[in-house]
1. Contour minus end-to-end for residue 97 and residue 148, with contour as 0.36 nm per residue of separation and end-to-end as the Cα-Cα distance?
2. Using the alpha-carbon atoms, what tilt in degrees (0 to 90, nearest 10) does helix 71-98 show relative to the longest principal axis of the chain?
3. Between 0 and 90 degrees, rounded to the nearest ten: what's the tilt of helix 32-42 against the longest Cα principal axis of the chain?
4. Using alpha carbons only, how many degrees (0 to 90, rounded to 10) separate the axis of helix 55-66 from the longest principal axis of the chain?
5. Which one of 120, 42, 93 is farthest out on the positive end of the charge dipole of the chain, using unit charges on Cβ (Lys, Arg +1; Asp, Glu -1) and the Cα centre as origin?
6. Note down the relative contact order for the chain as a percent, whole number, built from C-alpha pairs under 8 angstrom at least six residues apart.
7. Using Cα Rg over 2.2 N^0.38 Å as the read-out, say which of (1) 1.08; (2) 0.94; (3) 1.18 was calculated from these coordinates.
8. Extending each Cα 7 Å along its Cβ direction at residue 116 and residue 3, get the distance between those two points in nm, one decimal.
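Any read-out appearing in this document is the output of simple, stated calculations on the displayed coordinates, not a laboratory observation. Remember, predicted model here, so these are calculated numbers, not experimental data. Every residue, glycine among them, receives a Cβ derived from its backbone with ideal geometry; neighbour counts consider all protein chains shown.
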Amino acid sequence: MYLTDPFIKRKDDFVVELTKFISQPDFTTQGEENIRHFLHDLIGYYVIMEGIFFYAGFAMMLALKRNKKMEGVGQQFEYIMRDESLHLAFGCGLINTITGAKPLEFAVELEKEYAREACPEGIVGINSQQFCEYVEYIADRRLERIGLPKIYETKNPFD
């Protein structure tokens, strides 16, 4: 769909940009600039892709489960989310040992834009506003995880 849906294409282009350095065949972590490139890609992959985009993608399925719809599939998403939490913990720990950075705000806006487009009328148990609040909530949690202050101060709309 990244070829036909402009919102998914925009996110895909952003993700490719977030992880462009580490995939280059001559990539090295020698030197300060290369370490910055490495951090750029780590934050892009672990904090934004694993920590925001994946978590936000799970919100719709978990909303269905909370509303007694597709409970078995929702349970599988809970298992996947637990696995993603381990990936996130590893990535944030690695980033914390090096330093912090924040291309997060743009990622949050992309995800909220996508939520408003993909779910304008809402689905059982979640509407686009709740989705946007949840994205802000998890972005703040990711910022805290890498030692940076919260930006949004948004409460979890599902608590």
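1. 17.0 nm
2. Helix 71-98 sits at roughly 20 degrees to that axis.
3. Helix 32-42 sits at roughly 20 degrees to that axis.
4. Helix 55-66 and the main axis of the chain meet at about 20 degrees.
5. Working it through, the farthest residue towards the positive pole turns out to be 120.
6. Computed value for the chain: 22 percent relative contact order.
7. Step by step, Cα Rg over 2.2 N^0.38 Å for this structure corresponds to label (1).
8. 2.9 nm
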